[in-house]
1. If you build the Cα gyration tensor of the range B:17-112 and take the root of 5 times each eigenvalue, what three semi-axes come out, in whole angstrom, biggest first?
2. Which whole-number percentage describes the relative contact order of the range A:29-184, with Cα contacts under 8 Å and a sequence gap of 6 or more?
3. Would you please give the FRET efficiency between residue B:63 and residue B:211, computed as 1/(1 + (r/R0)^6) with r the Cβ-Cβ distance and R0 = 35 Å, to the nearest 0.05?
4. Against the empirical 2.2 N^0.38 Å scaling, what ratio does the C-alpha Rg of the protein assembly as shown come to?
5. How tilted is helix B:167-182 with respect to the longest principal axis of chain B? Cα atoms for both, answer in degrees (0 to 90, nearest 10).
6. Using a simple spin-label model with points 7 Å from Cα along the Cα→Cβ vector, what separation in nm is obtained for residue B:52 and residue B:183?
7. What number does the range B:99-207 give for Rg over Rh if you use C-alpha atoms and the Kirkwood radius?
8. Between residue A:13 and residue A:182, what is the FRET efficiency for a Förster distance of 22 Å, r being their Cβ-Cβ separation, to the nearest 0.05?
């Protein structure tokens with residue numbers, strides 16, 4: 001059996017500690033931006049999929065099916081490597097030279113992937129609001145926008161939020177895929193430190209702890225803010 | 001006010017509305033009766049613009065009504081739904097005040113004042129803070145009625161407005177219908193309650209196989225009285241129209 005000497009002191013070396021802290025902050029920023037973008041994308045797709053207008057409904061259905069059946073990593077790679085090539089050369093060149101494009105491409109890729117799943121959750125939440133209430137809103141003269149904002153969203157968000165929280169945790173963990181486009185997030189920092197020090201276990205265990213702590217904190221915060229109606233928490237409280 | 005000309009509507013392979021002609025003038029109250037499943041609710045839905053028609057023309061206050069025009073009528077045609085359709089996440093006061101705020105542009109205080117006044121009129125002054133789930137069937141119905149009235153409609157369509165009410169509350173709704181009449185609101189009521197119909201109707205009609213039958217015209221020769229339609233026959237037995245109120249549109 002191979003013997004491995006743990007050397008936890010490498011984590012405290014200033015250059016590596018800085019790399020890890022920067023990576024963690026970038027991971028959190030990416031999760032926040034991608035999560036917010038995916039929420040908007042999911043809501044728009046869900047509205048289009050529940051629209052009575054077929055010209056909105058069918059393209060949205062097709063988009064969701066295409067996005068959902070392709071790995072998230074592909075979309076990250078697509079936005080970073082392929083999209084600039086599809087644009088007019090001048091625009092593509094500008095994207096390549098934009099220093100934050102790697103972050104933007106990562107955020108768009110993760111947001112698109114998560115948005116497709118969120119649209120499913122949101123659509124199901126929307127159709128749970130009875131047709132009768134929508135008809136009553138129409139009969140009162142409310143516009144589709146007013147109906148969505150005042151009737152649909154408040155009622156459906158409450159039932160959707162636990163599932164949306166799950167997807168947000170996925171986004172946080174999926175940020176690690178962006179190591180494929182060399183975005184200096186936490187996983188990338190881990191690989192850098194391992195390649196320099198050959199001390200992979202220490203830094204990987206630390207990164208694992210950061211991901212687990214982040215996910216658990218997010219899950220706890222979301223479950224406190226948006227309790228699932230009718231479910232019992234592990235602490236025995238029953239949400240109403 | 002309400003003008004339906006040769007309205008056809010086909011549902012599940014049968015003509016639910018088979019060339020319906022109907023005129024209801026300002027201040028007139030028309031009670032529509034007939035067995036379940038004859039298209040009474042469908043007629044209310046097409047007048048309110050919630051449902052499309054296959055042929056014919058409908059107008060309310062000279063405005064053409066078609067499928068999808070419910071929103072553009074801006075609450076001018078109030079509809080009391082059979083199942084109330086209250087907004088489950090809002091309390092009674094907000095259920096009533098929401099549309100006046102959003103559609104008529106009233107500020108919050110004015111909309112709440114209007115809602116509280118209507119709740120008082122309907123005997124629900126102390127229920128403003130209750131969610132629909134905390135209200136009884138009769139209370140929900142009155143909140144739904146108040147929600148329509150808050151938009152100050154010129155046409156009211158009431159689908160079974162007394163189905164969940166006790167006799168005392170039924171009289172309250174009858175008084176409210178009288179108030180609508182005084183306010184020149186054209187009202188169409190679908191009801192299975194003969195006493196209520198007799199109390200409020202200027203004109204009583206029935207839908208039979210998709211066609212409107214004026215019960216007053218058809219009564220002498222109508223075979224309904226012979227027992228093929230017991231509820232309407234019973235209603236006819238109770239109903240004595242006041243001659244002064246019985247003018248046709």
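1. In descending order, the three semi-axes are 28, 16, 13 Å.
2. With pairs under 8 Å counted, the relative contact order is 36 percent.
3. According to the calculation, E is roughly 0.85.
4. Taking N as the residue count of the protein assembly as shown, the ratio is 1.35.
5. Rounded to the nearest ten degrees, it is 90.
6. 3.4 nm
7. Answer for the range B:99-207: 0.97.
8. So the FRET efficiency works out to roughly 0.50.
Rule-based calculations on the coordinates, nothing more; no lab input. The shown structure was predicted, so the numbers you read here are calculated from the model rather than taken from an experiment. With ideal geometry, Cβ positions are generated from the backbone for all residues, glycine too; neighbour counts draw on all protein chains shown.
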